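A short worksheet on the structure shown next.
The values are calculated or read from the model by the stated rules, or taken from the named source; none is laboratory data. Quick caveat: nothing in here was measured; it's all calculated off a predicted structure. In this analysis, Cβ positions are derived from the backbone assuming ideal geometry, glycine residues included, and neighbour counts consider all displayed protein chains.
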Amino acid sequence: MKQEELIFAVLDDLNISYEMINHPAAFTVTELKSYCEFDASICKNLFLYDKREDKHYLVVMLEEKKAHSNTIRKQVKAASLVFGEEPKLLELLGVTPGSISPLGLIHDQNKALTVLIDKDLPNHSRLGFHPNINTSTVIISYSDFEKFIKWCGNSYQFINVTKDAI
């Protein structure tokens with residue numbers, strides 16, 4: 001089953017309504033927005049790793065924000081945060097760089113990832129994510145995003161992602 005078919009099957013099983021928009025491959029939100037206009041807040045996602053604790057994080061944030069790793073590090077009490085390696089990204093989320101999405105949590109059978117959600121995300125009614133492939137974007141409501149995260153069973157917390165936020 002293709003990545004996006006698996007995602008759509010899970011969304012359907014959870015009674016989550018979605019809108020799918022196909023577009024050329026987009027590796028960044030800026031690139032994505034050059035192809036399409038969206039009636040939603042497009043999210044960017046970061047795959048981070050704390051080597052000392054051997055712990056992986058998925059940061060889900062609003063596209064217009066700039067992540068400040070030291071701010072995030074302090075909130076999760078990590079020694080340091082670096083970008084996670086591609087083999088681990090493939091293992092935990094079933095994707096490669098450029099397709100990172102919280103929808104990939106369906107692959108994290110051991111619930112090894114902690115999801116760090118931008119504290120301002122709940123203020124946005126519609127969110128856009130790749131369905132684990134960067135040639136389409138899925139739009140869902142914030143409440144359905146939260147429903148999906150809870151269904152996946154990974155631990156999660158709300159954080160400030162920007163330097164001046166704390």
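Here are some notes:
- Count of segment 46-70 residues which are out of contact with any strand residue (DSSP E or B) (no Cβ under 9 Å at 6 or more places or on another chain) and closer than 16 Å to Ser155 by Cβ: 2
- Screening segment 149-159 for residues that are without any contact (Cβ under 8 Å) to a residue 60 or more places away in the chain and among the aromatic types (Phe, Trp, Tyr) and picking the one that is farthest from Ala40 (Cα to Cα) gives Tyr156.
- Selection within segment 134-143 - crowded, with 18+ Cβ neighbours inside 10 Å and either aliphatic (A, V, I, L, M) or at pLDDT 95 or above (or both): Val138, Ile139, Ile140
- Subset of segment 53-73 (residues that are closer than 21 Å to Glu86 by Cβ and either in contact (Cβ under 8 Å) with a residue 12 or more places away in the chain or in a helix (DSSP H, G or I) (or both)): Glu53, Lys55, His56, Tyr57, Leu58, Val59, Val60, Met61, Ala67, Ser69, Ile72
- Any hit, segment 115-131, residues being surrounded by 14 or more Cβ atoms within 10 Å (Cβ to Cβ) and in contact with a Lys or Arg (Cβ under 7 Å, 6 or more places away or on another chain): yes
- Segment 80-96 - residue that is part of a loop (DSSP other than H, G, I, E, B) and under 12 Å from Leu48 (Cα atoms) and, of those, modelled with the lowest pLDDT: Ser80
- Hits in segment 102-148 (condition: on the phi > 0 side of the Ramachandran plot and touching a residue at least 60 places away in the same chain (Cβ under 8 Å)): Asn132
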